[in-house]
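The values are calculated or read from the model by the stated rules, or taken from the named source; none is laboratory data. Remember, predicted model here, so these are calculated numbers, not experimental data. Every residue, glycine as well, gets a Cβ built from its backbone with ideal geometry; the counts of neighbours run over all protein chains shown.
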């Protein structure tokens, strides 16, 4: 064992007395960022966040100014690992030290912006170099727009053009395959099959402005009858102010579409896509439809304590409403979103509910594969976000498994909460009966559904879950699987067994009842597939959208 490893081992085993904590953290700085991170995580498991915050502050103040790298490591690890409230306390206690270091200023300003504190972030910056000037310009833009609107041309008389419908998307296949891209593709395909001339255009900058896209050719292509046009750019929304992005994106889209004016512009969430669609439609003189699939700032609020109601939260909600008010028609995926818009004075006659759907021909019941006949496999397929309630799922599974050793849990997907869930499984000693697959191609999802007899969707009782509906439960129902769902508003109307949201005892009860009743599981699966085929096929969803197009003067082939 090297000196570094021996030193870290000693620090990890050192007495837990709080008064010694800052010294241990200070010593860990000199072992490198990885070791410091490990020790802070260990400390947060032993002490309160406030005590760890105080110790990190003392360690920072006792690190001499010339030791720039060490100070920056302490600072970065503190903000990355401390809970938001403790992180803000750490910043306030060390404000002068933060302001005196360019790296710390930028890091802290970006962190504060992420938490929604735009004014506080702007107050840190001194505009002494291009990076600070660029971030300051973006923050100034957000503060200017907060409480007002992005400027755009006044609405004028419009009429459909002779070209295909231009469907604007924030992300798309093959670069992303989560629920947003999946809904887009299946709806587009159903519209094409119904005779509607329609082509997809990704937002300005996509996919090159994302950090999580796979390096693939960005040339336009056709996927399953759907024509996709991608618009990568060297500088996207991450590098531009709100006004700069709007101007660049509108100019680019209008230049692409003006040769053959589209029949209309149909833009899907979020407001960045919607506002570009609105202004482009006004410049081209064609109708504009905004499809509000969710409230992405509500999703952020579910993951970031303190973000709800912040300046950035209010800005996002304000711009979502501007995108909706500018539209000739607004499509929403739930009645809860419809009610939200009506409460904000958008006329009910301009709003239509266009729920999520599924293709019952693509997701069909399949025989269970060999090797699982003596097991009861329950599962989850989707993104591992905190608001999905997957910690409840694992805890309920642990209870059910105590008396049912044939139970297995299959977790299909990836996301920010995966590491915590894996740790929870380990703490329960269930690693031998729980499998995490990681992200799988959408084309392979069916075979994972086939392994399961029961799918569980225990979404938390948070605003985003009350207002927005997921697409994955529909796939499970189409596969003829029984589902258990929480009673949040976004799940309203889905067939299946229901448990009270945020209630571990009730989820465990329902899981145990279905685990012991194969006849009920089979009946729920059969009725679920019948409901999906009758109520939620993409062809029926496409008919709703097609009727809205006709109301705006557009004709199919």
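Quick one: how many residues across segment 320-332 are over 17 Å from residue 549 (Cα atoms) and within 21 Å of the chain's Cα centre (by Cα)?
Residues that pass the stated criteria total 3.
In segment 398-430, which residues are part of a loop (DSSP other than H, G, I, E, B) and under 26 Å from residue 521 (Cα atoms)?
404, 405, 406, 430
Suppose we filter segment 468-490 for residues that are over 20 Å from residue 186 (Cβ atoms) and crowded, with 22+ Cβ neighbours inside 10 Å; how many remain?
Qualifying residue count, segment 468-490: 5.
So is residue 195 touching a residue at least 12 places away in the same chain (Cβ under 8 Å), over 24 Å from the mean Cα position of the chain (by Cα), surrounded by fewer than 21 Cβ atoms within 10 Å (Cβ to Cβ) and not assigned by TED's automatic domain parsing to the domain that holds residue 443 or not?
yes
Is there a residue in segment 313-328 that is more than 19 Å from residue 297 (Cβ to Cβ) and not in a loop (DSSP other than H, G, I, E, B)?
No, there is no match, as no residue in segment 313-328 is more than 19 Å from residue 297 (Cβ to Cβ) and not in a loop (DSSP other than H, G, I, E, B).
Being in contact with a helix residue (DSSP H, G or I) (Cβ under 7 Å, 6 or more places away or on another chain) and without any contact (Cβ under 8 Å) to a residue 40 or more places away in the chain is the filter here; which residues of segment 232-272 pass it?
Passing the criteria: 237, 250, 254, 258.
Listed here are the residues, each with its yes/no results for (1) free of Cβ contacts under 8 Å to residues at least 24 places away in the same chain; (2) within 19 Å of the chain's Cα centre (by Cα); (3) at negative phi.
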residue	(1), (2), (3)
347	yes, no, yes
356	no, yes, yes
369	no, no, yes
382	no, yes, no
417	no, yes, yes
427	yes, no, yes
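State all residues of segment 111-129 that are more than 22 Å from residue 246 (Cβ to Cβ) and free of Cβ contacts under 8 Å to residues at least 60 places away in the same chain; if no residue qualifies, say none.
Those that are more than 22 Å from residue 246 (Cβ to Cβ) and free of Cβ contacts under 8 Å to residues at least 60 places away in the same chain: 111, 112, 120, 123, 124, 125, 126, 127, 128, 129.
Mind counting the residues in segment 443-482 that are over 12 Å from residue 382 (Cβ atoms) and touching a residue at least 12 places away in the same chain (Cβ under 8 Å)?
Within segment 443-482, residues that are over 12 Å from residue 382 (Cβ atoms) and touching a residue at least 12 places away in the same chain (Cβ under 8 Å) number 23.
Go through segment 505-523 and count every residue that is buried (at least 19 other Cβ atoms within 10 Å of the Cβ) and out of contact with any helix residue (DSSP H, G or I) (no Cβ under 8 Å at 6 or more places or on another chain).
Going through segment 505-523 one residue at a time, the tally reaches 1.
Go through (1) at pLDDT below 95; (2) surrounded by 17 or more Cβ atoms within 10 Å (Cβ to Cβ) and name the single condition residue 149 misses.
(2)
Can you give me the number of residues within segment 431-442 that are in contact (Cβ under 8 Å) with a residue 12 or more places away in the chain, part of a loop (DSSP other than H, G, I, E, B) and loosely packed, with under 15 Cβ neighbours inside 10 Å?
Qualifying residue count for the region: 2.
Would a scan of segment 335-353 turn up a residue that is outside any helix (DSSP H, G or I) and closer than 24 Å to residue 445 by Cα?
No, segment 335-353 has no match at all.
I'm told residue 499 meets every condition in (1) surrounded by 15 or more Cβ atoms within 10 Å (Cβ to Cβ); (2) farther than 23 Å from residue 389 by Cβ except one. Can you identify the failing condition by its number?
The number of the failed condition is (2).
Taking the stated definitions as given, is residue 41 surrounded by fewer than 16 Cβ atoms within 10 Å (Cβ to Cβ), within 27 Å of the chain's Cα centre (by Cα), part of a helix (DSSP H, G or I) and in contact (Cβ under 8 Å) with a residue 24 or more places away in the chain?
So residue 41 passes the test.
Quick one: count up the residues across segment 107-150 that are outside any helix (DSSP H, G or I) and within 26 Å of the chain's Cα centre (by Cα).
Count: 6.
Taking the criterion of being modelled with pLDDT under 95 and either buried (at least 21 other Cβ atoms within 10 Å of the Cβ) or at positive phi (or both), would at least one residue in segment 394-410 satisfy it?
Within segment 394-410, not a single residue is modelled with pLDDT under 95 and either buried (at least 21 other Cβ atoms within 10 Å of the Cβ) or at positive phi (or both).
Of the conditions (1) within 23 Å of the chain's Cα centre (by Cα); (2) modelled with pLDDT under 95, residue 73 fails just one. Which one is it?
Just one mismatch for residue 73, condition (1).
Out of segment 295-306, which residues are surrounded by 21 or more Cβ atoms within 10 Å (Cβ to Cβ) and either closer than 23 Å to residue 140 by Cβ or touching a strand residue (DSSP E or B) at 6+ places or on another chain (Cβ under 9 Å) (or both)?
If the condition is that a residue be surrounded by 21 or more Cβ atoms within 10 Å (Cβ to Cβ) and either closer than 23 Å to residue 140 by Cβ or touching a strand residue (DSSP E or B) at 6+ places or on another chain (Cβ under 9 Å) (or both), then 297 is the only one that fits.
Buried (at least 21 other Cβ atoms within 10 Å of the Cβ) and either within 25 Å of the chain's Cα centre (by Cα) or more than 20 Å from residue 346 (Cα to Cα) (or both), is that true of residue 239?
no
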